[in-house]
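Read-outs: derived from the displayed coordinates by stated rules, not from any lab. Note that the structure is a prediction, hence the values are computed from the model and not measured. Neighbour counts are summed over all protein chains in view; Cβ atoms, including those assigned to glycine, are modelled from backbone coordinates with ideal geometry.
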Amino acid sequence: MLKNKKILVLAPHTDDGELGCGGLIAKAIRFGSTVYYAAFSTADESVPHNFPPNQLEIEVKDATIILGIEPSNLFIYKHSVRKLNYVRQEILEEMISLRDKIRPDIVILPSRNDIHQDHSTVTSEGIRAFKKFIYIRL
């Protein structure tokens, strides 16, 4: 299922993709798949004051390189943490743009059972944007 596919990971925050499915990402890349990663919030507001505000953006760039994702396949959006539901239409439009650009074979997104407001927003909008594609819930 993971051989030579185009896979899109939809992560609410910059750490969700690698924490939720880092092993799957690495395995898919070993099988020749191309992985794209979209994070919708860098959660700058949640970074402790003794770190640079963009710490989580720095970390996702490092983590995705380690996993084998090409830097050009990383899409980072700067929506406010815990407020993705306020911009759900904008997120849907960003997802549709990614859908049309990438044409993924598989889309990975958070579970419908995830109660975090940002996670449920990305899941709902992801299902709307990619309803004709295969998707895997984390």
Roughly how many Å is it from the Cα centre of the range 91-123 to that of the range 1-68, as a whole number? 14 Å
For V60, V47, what's the fewest-to-most ordering of other Cβ within 10 Å of each Cβ? V47, V60
Here the averaged projected area of the chain, based on the convex hull of its alpha-carbon atoms and given in nm², is 7.7 nm²
Quick check for me: using +1 on Lys/Arg Cβ and -1 on Asp/Glu Cβ, what's the dipole size of the range 6-137 about its Cα centre, in debye to the nearest 20? 620 debye
Using only alpha carbon pairs under 8 Å that are at least six residues apart, calculate the relative contact order of the range 6-137 and give it in whole percent. 29 percent
Between M1 and E93, what is the label-to-label distance in nm when each label sits 7 Å out along the Cα-to-Cβ direction? 3.4 nm
